[in-house]
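Single-structure report; data block below.
The values are calculated or read from the model by the stated rules, or taken from the named source; none is laboratory data. All of these numbers come straight from a predicted model, not from anything done at the bench. Methodologically, a virtual Cβ is constructed for each residue, glycine included, from the backbone with ideal geometry; neighbour enumeration extends over all protein chains shown. Please note that ligands, DNA and RNA were not included when accessible areas were found on the heavy atoms of the full protein model with its side chains. Shrake-Rupley method; radii C 1.70, N 1.55, O 1.52, S 1.80 Å.
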Amino acid sequence: MTYLPKPKFRHPAIEKNELGLTHRDYEGAISTLCAGCGHDSISSAIMHACFELDLPPHRIAKLSGIGCSSKTPTYFLGNAHGFNSVHGRMPSVLTGANLANKDLIYLGVSGDGDSASIGFGQFAHAIRRGVNMVYIVANNGVYGLTKGQFSATADKGATLKKGAANPDDPIDLVMMALHLGASFVARSFSGDKGQLVPLIKAAVEHKGPAFIDCISPCVAFNNHDGSTKSFDYVRAHNEAVNALDFISERAPITTDYAPGEMQLVKLHDGSTIRLRKIGADYDVHDRVAAINYLMKHDVAGEIVTGLVYVEEDPGDMHDRLQTVDTPLNQLGDADLIPGAAALAKINASLR
Amino acid sequence: MPIESVNDFVVRFANVNGSGSASANLMFARAVIRMGVPVATRNIFPSNIQGLPTWFEVRVSGEGWLGARGGTDLMVAMNPQTWDKDVASIEHGGYLFYDCSRPIPASKFREDLTVIGVPLTEICNREYAEPRQRQLMKNIMCLGALAAVLDMDADIVKTLLSEQFKGKDRLIEANHRALAIGRDWALANLTCPIGLRVNKSDGVGDRIYVEGNAAASLGAVFGGATVCAWYPLTPSTSLAEGFTSYCKRLRGDATTGKNKYAIVQCEDELASIGVVIGAGWNGSRAFTATSGPGISLMQEFLGLAYFAEIPAVLFNVQRGGPSTGMPTRTQQSDVLACAYASHGDTKHILLFPRDPGEAFEFGALSFDLADRLQTPVFVMLDLEIGMNSHLTAPFKWDDSRRMDRGKVMTYADLESGRDFGRYLDVDGDGVPFRTYPGTHPTRGSFFTRGTTRDAYARYTEEGGPYVENMQRLLRKFETAKAHVPAPLVDAAPGGARFGVIHYGSTAAPMEEATQILRNQGVKLDVMRVRGFPFAKPVEDFISAHDKVFVVEQNRDAQLRTLLMAENCASGDKLVPVLHYDGSPVTARFIARAIAELAESIDARAKEGALS
Ligand SMILES: Cc1ncc(C[n+]2csc(CCOP(=O)(O)OP(=O)(O)O)c2C)c(N)n1
Ligand code: SF4
Ligand SMILES: [Mg+2]
């Protein structure tokens, strides 16, 4: 938690991206989360990813529900419109926003309570509807904002700070997303920026519902021994299936890898993700295999991270609805209003 | 004595659901309309009786009364299951039309009725081999026989059949034949016409005959709606379906065939309103269609839309409550639930269309209001308006009209350095400027949240800015008074001590009741309220009268409560007249209630004067 005002001074040699923007241009208000909260690292990864992708911040719409995690959109991309909606209902608001203007990038930020408890239904339906979005759940296994009750992603047997054990089975949102037809599914860890940043970049470039379950320890309520969402626990049980490099469509691929060790994944906009396989024979395009792999490792107590699944030729909600190319919010009277002559015909048919 | 009446009677068709009778019934009504005689029609379809009986009522009214009258003069009794009740419900001296193919014991009839038996099934079985055809042709045959006994113009029915099956010559021919068989049989075997007759007239004019839900959905098309999010719920479902079919016809891109609209059938009403709010936030005109149970589910979101000032349109096709209660019956019982929907201090804009004509007009207008005032707008239909076809003035559109998108700052505005504060009251009308996401790289972005922010949308939990904002929202609500449709007054010649306030679907029976009462010497000034917040004329109307009867279709006198809560009048001035059994209120009911109340008020006044 830092309440210090940001220094106005900018170093002349400060790094700029293709748009001539600096990292500062991707920042938001100063975070009011607890110092060390995993969520702040996710915000920072989002800023990094957008900077590196040379995205104009105002062309991103950031939407969230309610929770500590859902507060974070205030803390990044200050020049983007944001919407802190109601608890668990970000997916429907994002769906509507996306319907109105297909040309913006939609970034939904949610928590495990927001998406796996109160908003489980909306999470599921936005994904199955094929909404083109990046959907990040900052998953800490508890309700941070209401002071640390278990959420629906808390593992069975995990304990609260004061010792109470969780009696219920957890919901694995990655597994759910796979079942629901998400065309990009990943899990990451807020403590692993090297993995998270390229994942976010790839998710942004992906067309269709891109879901990232990001384990993000709550230092105030769920970072103790007995928690399965603590920094230590996740580090000890992290089982990455691959390591990613995101390569923009402009950059040449330089590094050489031994055959079979690397898989190139083409994204919608022509850019590529270079996957260095870690799990042998793991095919990132095989949904069924991904589900099997996750289940096996789950039983073994391992947390699978990395790009779990990506569809090769994904479509999105607008393709399904066959909407015009012009965003609906830019259609004017001439496009939308049939006029008096058309109405006269309708009147005539009703006599 | 059998009832004798030309162009003024009620026919009720008692049918079995799914027998294909609906289209034949509708054709009967349209044939009367084509003869220039106004009709008022309604479907009665209880959802809780096995076998699903349905009724279709046609009030033939040469004088043009469009409300329900009550009572039945001619029963077309095609459903054995409801026979007893149907027969019992016929007015004294009325008529009973039935299929006499199978004998029915004499005890099942009434002596005062004129019984018209036509062996429809028998003729059909003789004429047609295929079961489905038998059923469908039976309905047309029945229509032919009815046309004969009511002295209707058979050519008009023939024309309607030709129009309905346009391009399918074989079907036209088959239907014409069935019609002729029924008619010929009746002419040969019955006394035609009976005491009830339809005579050609010119009472319909250029009016159209259309369902309120269809009209409202067309209003949404003309209002520029591009996003519809909904969840099926009787009696609102046909509104979303209407939007779908009108969009298919009117909103395809001429060159690509792609859609200039998006319709999402959501997982529930929470999602529906969420989608509408998201789309409205992002600059699309969006709406949902629902009914009371859906409104209940949307409460949390409606508060957010109110405080975050996001345009949204909701068509509420009201029915009785609760979720399983009276889903197929009409009521005006969501007035308060909508006016003050959600938690915290909220107030919403309501529009009260009287019929499909206004459902279209207000449907289109609601999108301008939502944008102009940046808030949810409720179009308060009910089942009576929404799911029945009504005669109404033809839809009108002025091609010079443009969508009023309200106060939106553009790239150029922002670039020019104009000060932008999302919740800043720059014009003193309480309505701030907004920007659409993605407008400008460095100016005009803001973070949308409920109320914990200042006029520039910066986070704050301070009490001062909160109160300021709440006061501004009240100013905005004041502004709204000039934007909602103004009330209409039908003043008694020479003035009156008593007033009436009514709204929505009560209008048609109220007009008739006013006439009845004035004929009886009860003088009334009648005001139809068409929008909330109530404008000054509503308050003035109430103060200009000793007593005002507030006629509505709910138990708790909800509009009366709203009038009191909004300081338009005190309770002792407002006398409730309430009808809420789920059937549409009738002129007879209103006239009787007001006559009695007026008499007792007068009597009490006299007593007071004596003592
Ligand atoms: C309708 C409703 N019920 C309850 C709450 C209270 N509430 C606020 S945040 C929250 C849980 C948030 O948990 P999560 O999404 O995991 O976010 P975190 O704070 O852990 O990041 C709850 C229950 C609310 N805001 N709205
Ligand atoms: S309570 Fe937990 S989740 Fe919330 S800010 Fe603090 S550490 Fe983060
Ligand atoms: Mg949480």
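Quantify, in whole percent, the carbon and sulfur part of the accessible surface of the range B:509-611 (1.4 Å probe; protein heavy atoms only).
Result for the range B:509-611: 50 percent of the exposed heavy-atom area is carbon or sulfur.
What accessible area per residue, rounded to a whole number of Å², is obtained for the range B:407-484 using a probe radius of 1.4 Å?
The answer is 46 Å² per residue.
Take the eigenvalues of the Cα gyration tensor for the range B:210-392, scale each by 5, and report the square roots as semi-axes in whole Å, largest first.
In descending order, the three semi-axes are 22, 20, 14 Å.
Output the direction-averaged projected area (hull surface divided by four) of the convex hull of the alpha-carbon atoms of chain A, in nm².
Projected area, direction-averaged: 22.4 nm².
Compute the convex hull volume of the Cα atoms of the range B:496-576, divide it by the residue count, and report the result per residue in Å³ as a whole number.
85
Enter the Cα centre distance for the pair the range B:1-25 and the range A:19-59, rounded to the nearest angstrom.
Cα centres, the range B:1-25 to the range A:19-59: 70 Å.
Can you pull a Stokes-Einstein diffusion coefficient for the protein assembly as shown at 10 °C (1.306 mPa s), Rh from Kirkwood over Cα pairs, as a whole number of µm²/s?
51
Within a 10 angstrom radius of each residue's Cβ in B:265-276, how many Cβ atoms of other chains show up on average? Whole number is fine.
6
Throw me the Rg/Rh for the range A:286-351, computed over C-alpha atoms with Kirkwood Rh, two decimals.
So for the range A:286-351, dividing Rg by the Kirkwood Rh gives 1.43.
Among rounded, prolate and oblate, which fits the range B:407-484 when a ≥ b ≥ c are the square roots of the eigenvalues of its C-alpha gyration tensor, a/c under 1.5 means rounded, and a/b larger than b/c means prolate?
oblate
Across peptide B:400-406, what mean number of C-beta atoms from other chains lies inside 10 Å of a residue's C-beta?
Whole-number average of other-chain Cβ neighbours for B:400-406 is 2.
Using a Förster radius of 22 Å, what is the FRET efficiency between B:Glu539 and B:Arg592 based on their Cβ-Cβ separation? Nearest 0.05, please.
Here the calculated transfer efficiency is 0.15.
Quick one, what does Rg over Rh come out to for the range B:169-249 if you take C-alpha atoms and the Kirkwood Rh?
1.21
Hey, what D do you get for the range B:5-197 in µm²/s if you plug the Kirkwood alpha-carbon radius into Stokes-Einstein at 37 °C and 0.692 mPa s?
This corresponds to a translational diffusion coefficient of 196 µm²/s.
Just report the Cα centroid separation between the range A:177-195 and the range B:564-611, whole Å.
When both Cα centres are located, 66 Å separates them.
Using only protein heavy atoms and a 1.4 Å probe, report how much of B:His348 is accessible, in Å² to the nearest 10.
0
From the backbone phi of the range B:103-111, what are the Karplus-calculated ³J(HN,Hα) couplings (6.51 cos²θ - 1.76 cosθ + 1.60, θ = phi - 60°) in whole Hz, Gly and Pro given as x?
Result, rounded to whole Hz: x, 10, x, 4, 5, 7, 10, 10, 5.
Output the residues of the range A:96-138 meeting this criterion: accessible area (heavy atoms, 1.4 Å probe) in the chain alone minus accessible area with all protein chains in place is 20 Å² or greater.
A:Gly96, A:Ala97, A:Leu99, A:Ala100, A:Leu104, A:Gln122, A:His125, A:Arg129
Between B:Tyr95 and residues 5 or more places away or on another chain, which pairs have amide H atoms under 5 Å apart, with H built 1.01 Å from N, and which residues are they?
Answer set, sorted by chain and number: B:Leu74, B:Met75, B:Thr114.
In Å², and per residue, what accessible area does the range B:488-610 have when probed at 1.4 Å with the other protein chains present?
42
In Å², and per residue, what accessible area does the range B:210-392 have when probed at 1.4 Å with the other protein chains present?
Spelled out: the 1.4 Å probe surface of the range B:210-392, per residue, equals 22 Å².
Roughly to the nearest percent, how much of the accessible area of chain A is carbon and sulfur, given a 1.4 Å probe?
54
Excluding ligands, DNA and RNA, what is the accessible area buried between chains A and B, summed over both sides, using a 1.4 Å probe, to the nearest 100 Å²?
Buried surface at the A/B interface: approximately 5100 Å².
In peptide B:193-204, how many Cβ atoms from other protein chains are near each Cβ within 10 Å, on average?
For this peptide, the per-residue mean of nearby foreign Cβ atoms is 0.
So if I restrict to the alpha-carbon atoms in the range B:291-358, what is the Rg, and what is Dmax, the biggest pairwise distance, in Å?
For the range B:291-358, the Cα-based Rg and Dmax read 12.5, 35 Å.
Once phi is turned into ³J(HN,Hα) by the Karplus curve 6.51 cos²θ - 1.76 cosθ + 1.60 with θ = phi - 60°, what whole-Hz value does each residue of the range B:373-385 show in order, with x for glycine and proline?
With the stated coefficients, the range B:373-385 comes to 9, 6, 6, x, 10, 9, 9, 8, 7, 8, 4, 4, 6 Hz.
Considering only C-alpha atoms, what is the centroid distance from the range B:200-221 to the range B:119-178, in Å?
Between the Cα centres of the range B:200-221 and the range B:119-178 lies a distance of 26 Å.
Between the chain alone and the structure with every protein chain in place, find the residues of the range A:23-64 that drop at least 30 Å² of accessible area; heavy atoms, 1.4 Å probe.
Residues passing the criterion (a loss of at least 30 Å², heavy atoms only) are A:His58.
Find how much the distance from B:Glu599 to B:Asn567 grows on full extension, using 0.36 nm per residue of separation minus their present alpha carbon separation; answer in nm with one decimal.
8.8 nm
Between A:Asp335 and B:Glu173, what is the spin-label point distance in nm, taking each point 7 Å from the Cα along the Cα→C-beta axis?
Between A:Asp335 and B:Glu173, the label points sit 4.9 nm apart.
Give the aspartates and glutamates reachable from A:Lys161 as a straight Cα distance under 13 Å; neighbours fewer than 8 places away on the same chain don't count.
The reachable aspartates and glutamates, counting only those whose Cα sits under 13 Å from A:Lys161, are A:Asp225.
Could you tell me which of the pairs B:Lys166/B:Lys258; A:Lys201/A:Lys266; A:Lys207/A:Lys229; B:Lys347/B:Lys476; B:Lys407/B:Lys476; A:Lys102/A:Lys207 are separated by over 19 angstrom between their Cα atoms in the structure shown?
B:Lys166/B:Lys258; A:Lys207/A:Lys229
Taking K and R as +1 and D and E as -1, what net charge do the other residues with C-beta under 15 Å from the C-beta of B:Asp399 add up to?
+1
In terms of Cα to Cα distance under 21 Å, which lysines are near enough to B:Lys200, apart from those fewer than 8 places away along the same chain?
B:Lys158
Placing +1 at every Lys and Arg Cβ and -1 at every Asp and Glu Cβ, with all other atoms neutral, what dipole size does chain B have around its Cα centre, in debye to the nearest 20?
That gives chain B a dipole magnitude of about 1000 debye.
Sorted from largest down, what three extents in whole angstroms do the Cα atoms of chain B have along their principal axes?
86, 81, 43
Estimate the FRET efficiency between A:Asp103 and B:Tyr456 by the formula 1/(1 + (r/R0)^6), using the beta-carbon distance for r and 22 Å for R0, to the nearest 0.05.
The formula returns an efficiency of 0.25 here.
With the full set of protein chains in place, find how many percent of the accessible area of the range B:271-419 is carbon and sulfur; take the probe as 1.4 Å.
Using a 1.4 Å probe with all protein chains present, the range B:271-419 comes out at 53 percent carbon and sulfur.
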